[in-house]
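The values are calculated or read from the model by the stated rules, or taken from the named source; none is laboratory data. Every value quoted in this text rests on a predicted model; they were computed, and no experiment measured them. With ideal geometry, Cβ positions are generated from the backbone for all residues, glycine too; neighbour counts draw on all protein chains shown.
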Amino acid sequence: MLIDFDSLDREIQEAIGDPRKCDHILERYYKVLPQTVEYFQNFKRGDNYLHAHEQEQYIVNASVMLGLIDLEKDRMQARIVAKGSTRGIGKTLWVDALSFNDTLKAKYNVTHNLPSNEKRFREAYKAYKGFGNYTIIKDPEGRARKNASKVDAMVLEVLNGLFVNKHKPTASEIARTYESFLMGYAEVYNTNTGELYDPKQFPRLSEGTIRRWLAKWENKIATHKKRSGNRQQYIAQFNPYGQMDLPKKAGSIISIDDRNPPFWYAPQKRMWFYIGIDVASGCITTFVYGKTKEGIIQDFYRQMVRFHAHYNVGMPIELECESSLNSSFKDTFLREGQMFRHVNIHANSAQSKIIERRFGAMRYEVEKKAPGWIARPFAKSESNQAGPGKTKIIPYEELVAARLSEIEDWNNAPHHDEPGMSRFEYWLENQHEDTNPINYKAILPHLGYKTATSCSRGYITLQGRRRAIAENGKILTGDALIEKMRQIEGKKVDVYWLDDMQGGVLKAMAYIGDRFICEVMEMPRFNRAKAEQTPDQKAAIELQSRYAKTVIGYAQKTAKSIETIGFTDLTPKPSRKFKIDGLKRYEANEDFTEVEVLDDIHEDDQEIIYNQEDDSAGARNWQDSFLK
């Protein structure tokens, strides 16, 4: 839009300025470039970025310098065209730079601080033309600040070394010790190297200076690490913590830890729990308890296996745990890929495990309302501090019942994201599709109970019951069974097994030494009376028949394949020089009849007498009758 400037009111003309006039020559050349702004925003003096006010000043200075460079080129060109002398252009640039500050103030509310002295200005302008933005930054290396400091590396070494002394001195004590050192009343030496420090090489420092240096983060984080007697407090004060979203799928990760519920079952005695919480659902899936931590960790992992097997759910994909009780298993069943796909064993750190936060909620939202609750001695919140009166003693049996009831209520409470579902329902219905099948081969030798037994006639005795040879959860028959019997029949074996939630055998594995041989499964039984046999029992009859036929058939087949081999003894007989008159000796007859070996009577048929003299064509052996 074109505007007739002269038609505007005087006030408006003065406010916007006459566009037909140029107040200062540098206005045509002055502009702030994006790369100039970016350079000073990203520049570091030592380890620190420039202050905002420094950045603004250097951006203005650099923009003026760039404008002067363009102005110089045009001025040189104009004089050359006019065949005039180019001498004195440098001075005109200096004059223009000085006078341009009024325009900058009026139009942009900024000013440059380029040197007002002509000689220094020319030096600065020449340096900028040669090396750019770096030249207009004051003390770009940060050396002036370093040189001004009295506390160098050696002084800091002494101050920090004194501060980490075992009796944990204060900053005031350090100041007095340092002053005594400078005055010759104390010796300071390095306990590792034996070096004796010379007080003449150290400056005098005020107590405030020493206090400020010891309080700096870069010194405090190291000295407090060596001074701190409470690791958890140090971690909470100095260690950064991860900021993560909770998983949505149950079974993605389980967080486990031990805890002492804040109750006494005897004076100064608290029971132990070991608890595992599924992170996504918040459901407590595993818990064991006792009066001590003795053996509690192995019972815990056994219970975890039982619980997941009971609900036909795979093991969690990932485990997070503390190192104190779990580190001894990191090369066995806690090795990644054995019981869990991923295992995170943390040094004791309350911030590392999410279960610690759940314990806090359990302590103050649930247990606090129960009789006998013990407050923390130094609780920050007044509402969590101990009340009046003595701590009540809760009998152990009552304490166990109350805590288990709280776990039950906890799992039945609404889920934090799905209030229409309980934590347990969420855990059961939102399992991750990649949860691990229970790796019994890897965990039973370490967590299972051990029973020394043997294999006889295809059966392995465990808990007083003869159990069948199996693999991959299926009782073997045929060639697979024969192959296993070659390895195990008649031999001593070790069976590692784990009981289920009802006390039966959940899973059993047979080993010879450290070599896995087979699974051990109970043979399904059936009712002797056909009238009471269910379809499942009829399937059991078929399975037992095939199992027995495999062994009997192999014996018959092997026996038939054996060829009869004759043997003639050609050993020379010794001469009998000594004889007893009238003595008759037994002489072996070459013709002999094979003795029939009868089968053992089945233990369930001890009272039944069979007619074994019936050789009629229609008669069948009792075993054949059973197997049919």
Original post:
Given S85, S149, which one is of a type in the set (S, T, Y) and either under 56 Å from the mean Cα position of the chain (by Cα) or modelled with pLDDT of 90 or more (or both)?
Top reply: S149
Original post:
Across the stretch 424-441, what is the total count of residues that are closer than 25 Å to L498 by Cα and of a type in the set (D, E, K, R)?
Top reply: 2
**OP:** Would you mind stating whether L334 is buried (at least 19 other Cβ atoms within 10 Å of the Cβ) and free of Cβ contacts under 8 Å to residues at least 40 places away in the same chain?
**Re:** yes
Original post:
Mind checking whether some residue in the stretch 339-356 is assigned to a helix (DSSP H, G or I) and either in the same structural domain as A413 (by TED's automatic domain parsing) or at pLDDT 80 or above (or both)?
Top reply: yes
Original post:
Which condition breaks for I517 when tested against (1) without any contact (Cβ under 8 Å) to a residue 12 or more places away in the chain; (2) in contact with a strand residue (DSSP E or B) (Cβ under 7 Å, 6 or more places away or on another chain)?
Top reply: (1)
Original post:
Which pairs do you get when a residue that is aromatic (F, W, Y), found in the stretch 44-69, comes within reach of a residue that is outside any helix (DSSP H, G or I), reach meaning Cβ atoms under 9 angstrom, with the pair 6+ apart or on two chains?
Top reply: Y49/F43; Y58/F43; Y58/L50; Y58/I137; Y58/K138
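So that you can scan it fast, the table gives a plain yes or no per residue for (1) assigned by TED's automatic domain parsing to the domain that holds G473; (2) among the polar types (S, T, N, Q); (3) within 30 Å of N439 (Cβ to Cβ); (4) touching a residue at least 40 places away in the same chain (Cβ under 8 Å):
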residue	(1), (2), (3), (4)
E522	yes, no, yes, yes
A531	yes, no, no, no
I552	no, no, no, yes
T558	no, yes, no, no
E563	no, no, no, no
Subject >> Test: residue in the stretch 538-557 that is at pLDDT 65 or above and part of a loop (DSSP other than H, G, I, E, B) >> reply: no
**OP:** Identify all residues within the stretch 439-468 that are more than 18 Å from G513 (Cβ to Cβ) and more than 38 Å from the chain's Cα centre (by Cα); write none if there are none.
**Re:** S456, R457, G458, Y459, T461, L462, Q463, G464, R465, R466, R467, A468
Original post:
For the stretch 424-473, how many residues are polar (S, T, N, Q) and either in a helix (DSSP H, G or I) or in contact with a strand residue (DSSP E or B) (Cβ under 6 Å, 6 or more places away or on another chain) (or both)?
Top reply: 7
Original post:
In the stretch 288-299, how many are in a strand (DSSP E or B) and farther than 16 Å from N326 by Cβ?
Top reply: 2
Original post:
Going by the conditions given, is P261 in contact (Cβ under 8 Å) with a residue 60 or more places away in the chain, under 24 Å from V366 (Cα atoms) and either surrounded by fewer than 21 Cβ atoms within 10 Å (Cβ to Cβ) or not assigned by TED's automatic domain parsing to the domain that holds H346 (or both)?
Top reply: no
Original post:
When you scan the stretch 42-67, how many residues do you find that are exposed (fewer than 11 other Cβ atoms within 10 Å of the Cβ) and either assigned to a helix (DSSP H, G or I) or at pLDDT 95 or above (or both)?
Top reply: 3
**OP:** May I ask you to list the residues in the stretch 494-520 that are surrounded by fewer than 20 Cβ atoms within 10 Å (Cβ to Cβ) and part of a strand (DSSP E or B)?
**Re:** D494, D499, V505, Y511, I512, R515, F516
**OP:** Select from the stretch 307-330 the residues that are touching a residue at least 60 places away in the same chain (Cβ under 8 Å) and under 19 Å from G504 (Cβ atoms) and write down the one among them that is surrounded by the most Cβ atoms within 10 Å (Cβ to Cβ).
**Re:** H308
Original post:
Would you pick out the residues in the stretch 283-306 that are out of contact with any Asp or Glu (no Cβ under 7 Å at 6 or more places or on another chain), under 17 Å from R403 (Cα atoms), buried (at least 16 other Cβ atoms within 10 Å of the Cβ) and touching a residue at least 40 places away in the same chain (Cβ under 8 Å)?
Top reply: C283, I284, F287, Y289, F300
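So which of I394, I407, I374 is out of contact with any Leu (no Cβ under 6 Å at 6 or more places or on another chain), surrounded by 14 or more Cβ atoms within 10 Å (Cβ to Cβ), of a type in the set (V, I, T) and modelled with pLDDT under 85? Lay out the reasoning, then the answer.
Numbers: I394 fails: modelled with pLDDT under 85; I407 fails: modelled with pLDDT under 85.
The match here is I374.
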